[in-house]
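Participant: Here it is: the structure, laid out below.
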Amino acid sequence: MIFGEVGILSREIVREEGIQSLWDTYEMKKGSRFYRKEFGYYCLDEWYDQGLSPQTDMAREFTYDIPAKYYLGHLGWCEAPFSPEFPEKVLEDRGKHELIQDHAGRAVLMFKGRRSGFMPEYMDHPVKDMKTWEGQCKWRMNPESPERFGDLEKVKDEVQNALSMGMMITQNLVGGYMYLRSLMGPEGILYMVYDNPKLIHECMETWFSVSDRIIGEYQKFVTLDELFLAEDICYNMGPLISPDMIREFLFPYYKQLISNIKGRQLDKSRHLYIQIDTDGNAVPVIPVYQEIGMDVMSPFEVASFCDVVEIGRQFPDLIMVGGIDKRVLAEGKDAIDLHLDYILPAMSERGGFCPTCDHGVPPEVSLENYRHYRKRCLEY
């Protein structure tokens, strides 16, 4: 049964099957069908040139499941959850480029007239010391900021609708490392853990206060199924900070937040899944994050030595999302077939795996190749 058949099959049946397949993945049921989704796209302009209509329903076109999760937000993702955010403004005109202050207070070099769809250059970050933290950022992390709860009644209604369909309720939030990186930059963190560890803890205490307050408000009317931390703590050779630094500067706050969430659950019998999202070579940090109860990880970049079949053998209880090499999707149909024939049978037999591209689908992947990839996935 596929989503493209909704003209024949009822939408409700397709939705129920998709939701069930996601739960089967999380429960690691061997041989269950894969939940069908994609990580994201950086290729749409090229695909439009190749014949894809901008009005295309991507779920119908590529046979994705209707979403099976309801995401609670207001806690950031790749940046600190400021409220209010910094005003965006142009700091310098550099001809083809412009230096802007973004909503997270960073100085970012971008192509003029195009601020999305590519990786900019981060030139500066707002936190240099305790003075800049308190003067520019800390007051923007007020957990009682009224803007944080402005849509609460709407969220309550949406959550009840999601629950009636059996959807998973997931709380998204920026992970501690990603949050610190948005404040200080990746190099700034490495200096700060030695030069001013007190400031790191001060920033993390504030992260905890905001996260705990907002999640606690949601928990007054819903039981969470998943806590999803956007971490991005690895590069192609391993973690960007050491395991000891992770344990010292992140884990005390993670452990307290998780403990508080579990203590507030309306239904204390439900398992709280912990998902960590990180690019790069995540293998060295898997056992580290398992210390705080990590159940799920994504997206397992193959170019960074993440082989989901081998990792699945090493960590048989780990739920895995991603693992399809975006470079192979650009090579052609034979390469795609070999790649999928290696991964999908083994991971179907193992269970606990959702195949997606290991990051956004890049422009090098043709529409024809991607359609072939989706066709082959459906055969499994």
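Participant: Among ALA104, ALA80, ALA162, which is outside the structural domain of GLY40 (by TED's automatic domain parsing) and either surrounded by 13 or more Cβ atoms within 10 Å (Cβ to Cβ) or part of a strand (DSSP E or B) (or both)?
Facilitator: Exactly one of ALA104, ALA80, ALA162 is outside the structural domain of GLY40 (by TED's automatic domain parsing) and either surrounded by 13 or more Cβ atoms within 10 Å (Cβ to Cβ) or part of a strand (DSSP E or B) (or both), namely ALA104.
Participant: Of the residues GLY166, GLY135, GLY73, which is within 20 Å of LEU229 (Cβ to Cβ) and among the small types (Gly, Ala, Ser)?
Facilitator: GLY73
Participant: For GLY352, are the conditions met, namely being of a type outside the set (D, E, K, R) and surrounded by 15 or more Cβ atoms within 10 Å (Cβ to Cβ)?
Facilitator: Yes: the conditions hold for GLY352.
Participant: Another one. Hey, among ARG148, ARG181, which residue is at pLDDT below 95 and among the basic types (Lys, Arg)?
Facilitator: Every option except ARG148 fails the conditions.
Participant: Out of all the residues in the stretch 330-355, which are closer than 27 Å to TRP23 by Cα and among the β-branched types (Val, Ile, Thr)?
Facilitator: ILE343 - this is the single residue of the stretch 330-355 that is closer than 27 Å to TRP23 by Cα and among the β-branched types (Val, Ile, Thr).
Participant: Further, regarding this structure: Restricting to the stretch 270-308, name every residue that is aromatic (Phe, Trp, Tyr) and surrounded by fewer than 18 Cβ atoms within 10 Å (Cβ to Cβ).
Facilitator: Result: PHE305, single match.
Participant: Are there any helices (runs of 4 or more DSSP H) wholly within the stretch 171-247 with 3 or more residues that are crowded, with 17+ Cβ neighbours inside 10 Å and not aliphatic (A, V, I, L, M), and if so which?
Facilitator: Filter on the stretch 171-247 gives 176-184, 197-218.
Participant: Considering only residues that are hydrophobic (A, V, I, L, M, F, W, C) and either without any contact (Cβ under 8 Å) to a residue 24 or more places away in the chain or assigned to a loop (DSSP other than H, G, I, E, B) (or both), which ones fall in the stretch 83-101?
Facilitator: Correct list: PHE86, VAL90, LEU91, ILE100.
The values are calculated or read from the model by the stated rules, or taken from the named source; none is laboratory data. Treat the numbers as computed from the prediction; the structure is a model and nothing was measured. Glycine also receives a Cβ, built like all others from the backbone with ideal geometry; neighbour counts cover every protein chain displayed.
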